[in-house]
Amino acid sequence: MRVEMTRTIPSAPGQGGAAPQHTFQVVRDKYAWDESEIGAGLVPGKGTATPAMDTANGRLLQLWILPYGVIKAALAAGDKTRISTEHGPRSLRFP
(Lines give C-alpha, C1' and ligand atoms only; values in the text may rest on other atoms or scores of the structure.)
Protein backbone atom coordinates (compact mmCIF):
# COMPACT_ATOMS: atom_id res chain seq x y z
CA MET A 1 0.00 0.00 0.00
CA ARG A 2 1.22 3.49 -0.79
CA VAL A 3 -0.48 6.48 0.83
CA GLU A 4 0.24 9.95 -0.49
CA MET A 5 -0.59 12.81 1.89
CA THR A 6 -0.28 16.56 1.84
CA ARG A 7 -0.76 18.38 5.11
CA THR A 8 -0.08 21.85 6.40
CA ILE A 9 2.15 22.24 9.43
CA PRO A 10 1.84 25.53 11.31
CA SER A 11 5.07 27.47 11.64
CA ALA A 12 6.36 28.94 14.88
CA PRO A 13 4.71 32.17 16.00
CA GLY A 14 6.12 35.20 14.22
CA GLN A 15 7.69 33.16 11.36
CA GLY A 16 5.02 33.59 8.71
CA GLY A 17 2.43 31.20 7.30
CA ALA A 18 2.06 27.46 7.45
CA ALA A 19 4.30 25.19 5.39
CA PRO A 20 2.82 22.30 3.32
CA GLN A 21 4.39 18.86 3.79
CA HIS A 22 4.01 16.15 1.14
CA THR A 23 4.72 12.52 2.14
CA PHE A 24 4.57 9.03 0.63
CA GLN A 25 4.10 6.22 3.18
CA VAL A 26 4.55 2.65 1.93
CA VAL A 27 4.03 -0.81 3.47
CA ARG A 28 4.39 -4.30 2.06
CA ASP A 29 4.23 -7.48 4.15
CA LYS A 30 6.30 -6.70 7.27
CA TYR A 31 8.29 -3.84 5.70
CA ALA A 32 7.51 -0.12 5.82
CA TRP A 33 9.30 2.88 4.38
CA ASP A 34 8.82 6.52 3.42
CA GLU A 35 9.57 7.82 -0.06
CA SER A 36 10.59 11.33 -1.09
CA GLU A 37 8.78 10.69 -4.41
CA ILE A 38 6.85 7.76 -5.89
CA GLY A 39 9.21 4.87 -6.62
CA ALA A 40 12.12 6.44 -4.73
CA GLY A 41 15.10 4.13 -4.44
CA LEU A 42 14.06 1.90 -7.35
CA VAL A 43 15.90 3.90 -10.00
CA PRO A 44 19.41 5.20 -9.23
CA GLY A 45 19.29 8.91 -8.46
CA LYS A 46 15.49 9.01 -8.15
CA GLY A 47 14.49 10.14 -4.67
CA THR A 48 15.16 8.62 -1.28
CA ALA A 49 13.52 5.65 0.45
CA THR A 50 13.81 5.78 4.25
CA PRO A 51 13.05 2.66 6.35
CA ALA A 52 10.14 3.09 8.80
CA MET A 53 9.89 -0.41 10.27
CA ASP A 54 8.28 0.76 13.52
CA THR A 55 5.25 1.94 11.52
CA ALA A 56 4.61 -1.33 9.62
CA ASN A 57 1.87 -2.70 11.91
CA GLY A 58 -0.03 0.59 12.01
CA ARG A 59 0.13 0.94 8.24
CA LEU A 60 -1.08 -2.64 7.75
CA LEU A 61 -3.99 -1.97 10.09
CA GLN A 62 -4.81 1.14 8.05
CA LEU A 63 -4.76 -0.96 4.87
CA TRP A 64 -7.31 -3.46 6.19
CA ILE A 65 -9.74 -0.94 7.75
CA LEU A 66 -10.00 1.39 4.73
CA PRO A 67 -12.62 0.65 2.03
CA TYR A 68 -10.17 -0.92 -0.43
CA GLY A 69 -8.90 -3.20 2.35
CA VAL A 70 -12.42 -4.57 2.84
CA ILE A 71 -12.63 -5.44 -0.86
CA LYS A 72 -9.15 -7.01 -0.71
CA ALA A 73 -10.21 -9.15 2.27
CA ALA A 74 -13.43 -10.23 0.53
CA LEU A 75 -11.46 -11.29 -2.54
CA ALA A 76 -9.00 -13.22 -0.35
CA ALA A 77 -11.92 -15.12 1.27
CA GLY A 78 -12.81 -16.52 -2.16
CA ASP A 79 -15.87 -18.83 -2.20
CA LYS A 80 -16.68 -17.96 1.42
CA THR A 81 -17.65 -14.41 0.42
CA ARG A 82 -21.40 -13.80 0.23
CA ILE A 83 -23.33 -10.87 -1.24
CA SER A 84 -26.96 -10.52 -0.23
CA THR A 85 -29.73 -7.95 -0.14
CA GLU A 86 -31.38 -7.43 3.24
CA HIS A 87 -34.05 -4.79 3.76
CA GLY A 88 -32.92 -2.84 0.69
CA PRO A 89 -29.13 -2.33 0.87
CA ARG A 90 -26.63 -4.91 -0.31
CA SER A 91 -24.48 -6.70 2.23
CA LEU A 92 -20.99 -8.15 1.77
CA ARG A 93 -20.04 -10.94 4.20
CA PHE A 94 -16.83 -12.90 4.51
CA PRO A 95 -14.88 -14.63 7.27
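Annotations
- Considering Pro95, Pro51, the condition of being open to solvent by 100 Å² or more (accessible area, probe 1.4 Å), within 30 Å of His22 (Cα to Cα) and not hydrophobic (A, V, I, L, M, F, W, C) is satisfied by Pro51 alone.
- Here the strands (runs of 3 or more DSSP E) wholly within segment 28-95 that include at least 3 residues being free of Cβ contacts under 8 Å to residues at least 12 places away in the same chain and over 16 Å from the mean Cα position of the chain (by Cα) are 82-85.
- Residue check, Thr85 surrounded by fewer than 14 Cβ atoms within 10 Å (Cβ to Cβ) and farther than 13 Å from Val3 by Cβ: yes
- Only residues that are open to solvent by less than 80 Å² (accessible area, probe 1.4 Å), more than 22 Å from His22 (Cβ to Cβ) and modelled with pLDDT of 90 or more were counted in segment 54-72, giving 1.
- Of all positions in segment 30-43, at least one carries a residue that is under 20 Å from Glu4 (Cβ atoms) and open to solvent by 100 Å² or more (accessible area, probe 1.4 Å).
The values are calculated or read from the model by the stated rules, or taken from the named source; none is laboratory data. Keep in mind that what you see is a predicted model, and the values were worked out from it rather than measured. Counting neighbours? That spans all protein chains shown, and the Cβs are built from the backbone with ideal geometry, glycine included. What goes into the accessible areas is simple: the full protein's heavy atoms, side chains included, and nothing from ligands, DNA or RNA. Shrake-Rupley method; radii C 1.70, N 1.55, O 1.52, S 1.80 Å.
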